[in-house]
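Chemist: Structure below; questions to follow.
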Amino acid sequence: MDNPFRDEPLTRSLPQPCTVIIFGATGDLTHRKLIPAFYNVAADGDLPSGLRIVGFARRPKSDEEFRSDLEAINRKVSRQGHNDALWETFSQSIYYHQSEFQDLEGYQALAERLDKLDEERGGHPNRLFYLASAPEFFDDIMLHLKESGLCDAKPGGWSRVVVEKPFGVDLPTAQHLNNVVNSTFAEKETYRIDHYLGKETAQNIMVLRFANAIFEPLWNSRYIDHIQITCAENLGMEGGRGGYYDKSGALRDMVQNHLLQLLSLVAMEPPVDLSADGVRDEKVKVFKSLRHMETPEEVAQNVVRAQYTPGVVDGEKVVGYRQEDRVNLESQTEPFVAVKAMVDSWRWQGVPFYIRMGKRLPKKATEISIHFRRAPEVLFNTLPSRGRSNVMVIRIQPNEGIALRMMSKLPGPSIRMEGVKMDFQYSTSFGNKSPEAYERLLLDAMAGDATLFARRDEVEEAWKFIDCIEHAWHKSSDPPPMAEYPAGSWGPKEADDLLARDGRYWRRL
Ligand code: BG6
């Protein structure tokens, strides 16, 4: 049915034909996210013709073996199911190149192979290098891309790199990584992927704020009391993830990137235009305005870290964090964190942004809630006040949408009020299931649109904020304590106290 409100696209650069070279091609990310994303883009008919994918990894494997491994996983995880005929055509453009990451000859051989493929099969000399390997190989990969000349754009073509998180583990390592990457690729050819920015609902934050006249006038400290960003996960350390996670923790794994990115979209000023730098200039100002916690006492007051103890999730008994596979029995890593962050800008003076992220919570859900100040209580002041403020909830996932809670009179002769909800759901309004974040981001990287990718200064500014907290936890003589919560609960009591001290409480999801 025609939708009279649907305009022609505002801006959309088209993805260009290229060869995508994936480093770390035998890993989980390639199998579960990248190839299914390419496949679904192909199913939508949006894949540029002449696209080729070359997987680069250490294990010996033929093209055919690689294709059939990918097929097995695609059957299980593809958003639009698996169509044999489509897979047959699509998979013919996938190749495998075996080499150690440290072996320059492997890169030289790759350069020859790519040229040969271009000659034999035709196509454009554009190259998109994708770093999906473990981060300890990034330095070697960058060095050899440079030494082999692979990173140099061919006449009439371009050469870009997509970098997966983690972008370092603190500011110095992030700066090092940025230096290494930028000595091989210019910043404008560097695409740091943060898959939260590819989620439809995250992209909708700017539209909600700047394409509607009714919200933006209220979007400031005069009308907003506080903002909550919650990312709950029911999963623990499945699939051997404990090894990576125990060196990272919730703050580095999710807050430094995904959740601070969401915060920046909610808090930023309107950009001058929708260009990549127009948007990122405004986001970086938010990161720069985050108030740093300078002392362990400040960290203890504003941040809660916690580990789960054994409990029940989805009806099943689960072990505590320290008993998880590949997690240190005396681990000081936090699978849960709650932060009270302040953005020291004119617009947000005095408005706390409460962020919480936890593993082994009761369910998987990510949302942002905007809690407005209460109406003056001169008329209905005899009625209970808890739960009376207007709240706008932006559901990032699942059940993507936006809800607005307001007070309404209950039908009947006396004045009794109850909170009611106006609810917009993507699935009802737009039908189709939203594309996966990776689909959108891969298309953008092929189109040369970096708007939804993190710029170097954003990443580094975010680390400055995070490093103060990590420093208090791991380097001070009197580190703030580690709290506990039973797996399957909504986190430790200390996280509730963090808000209770301010006369507030976490929204129940
Ligand atoms: C990843 C983190 O970046 O994001 C994981 O490393 C986390 O720990 C995941 O589970 C969450 O992504 P999503 O899209 O499932 O919310």
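Chemist: Please report the antiparallel percentage of DSSP beta bridges with both residues in the chain, rounded to the nearest 5.
Modeler: Among the beta bridges of the chain, antiparallel pairing accounts for roughly 55 percent.
Chemist: Still on this structure, please answer the following. If you take the beta carbon distance between Glu187 and Val312 as r and set R0 to 51 Å, what does 1/(1 + (r/R0)^6) give as a FRET efficiency, to the nearest 0.05? Write out the running numbers ahead of the final one.
Modeler: Details: r = 48 Å, r/R0 = 0.94.
That pair, Glu187 with Val312, gives E of 0.60.
Chemist: Under 11 Å from the Cβ of Leu110, count the other residues' Cβ atoms, weight Lys and Arg +1, Asp and Glu -1, and hand me the total.
Modeler: Details: positive: Arg113, Lys116, Arg127; negative: Asp103, Glu105, Glu112, Asp115.
Overall, the nearby charge balance is -1.
Chemist: Distance from the Cα centre of segment 397-440 to that of segment 216-264, in angstrom?
Modeler: Computed from Cα coordinates, the inter-centre distance equals 22 Å.
Chemist: In the neighborhood of Asp253, defined by Cβ-to-Cβ distances under 11 Å, what is the net charge if each Lys or Arg adds +1 and each Asp or Glu adds -1?
Modeler: Spelling it out: positives minus negatives among the neighbours equals +2.
Chemist: Report the calculated FRET efficiency for Lys421 and Gln80 (r = Cβ-Cβ distance, R0 = 25 Å), to the nearest 0.05.
Modeler: 0.20
Chemist: While we're here: Viscosity 0.692 mPa s, temperature 37 °C: Stokes-Einstein D of segment 271-335 from its Kirkwood Cα radius, in µm² per second?
Modeler: 206 µm²/s
Chemist: I've got another one for you. Once label points are set 7 Å from the Cα along Cα→Cβ at both Gln349 and Lys464, what is their separation, rounded to one decimal in nm?
Modeler: Using points 7 Å along Cα→Cβ, the separation is 2.1 nm.
Chemist: Rounded to whole Å, give me the distance from the Cα center of segment 310-371 to that of segment 123-144.
Modeler: 32 Å
Chemist: For a Förster distance of 25 Å, can you work out the FRET efficiency between the beta-carbons of Glu120 and Leu29, rounded to the nearest 0.05?
Modeler: Numbers: r = 29 Å, r/R0 = 1.17.
The value I calculate is 0.30.
Chemist: List, in the order given, every pair from Lys146/Lys285; Lys33/Lys493; Lys199/Lys359; Lys33/Lys421; Lys116/Lys146 whose Cα-Cα distance in the structure shown is over 24 Å.
Modeler: Lys146/Lys285; Lys33/Lys493; Lys33/Lys421
Chemist: In nm, to one decimal, how far is the modelled label at Glu100 from the one at Ser62, with both set 7 Å along Cα→Cβ?
Modeler: Once both label points are built, they end up 2.6 nm from each other.
Chemist: Take the chain, drop everything but the C-alpha atoms, weight them equally and run the Debye formula without solvent; then report log10 I(q)/I(0) at 0.07 Å⁻¹ to two decimals.
Modeler: -0.42
Chemist: Applying a 10 Å radius around every beta-carbon, put 112-124, 412-424, 479-491, 245-257 in order of their mean neighbour count, most first.
Modeler: 245-257, 479-491, 112-124, 412-424
Just so you know, all these numbers are worked out from the coordinates, no wet-lab data involved. Computed from a predicted model, the values in this text were never measured in an experiment. Cβ coordinates were reconstructed from backbone atoms using ideal geometry, including for glycine residues, and neighbour counts include every protein chain displayed.
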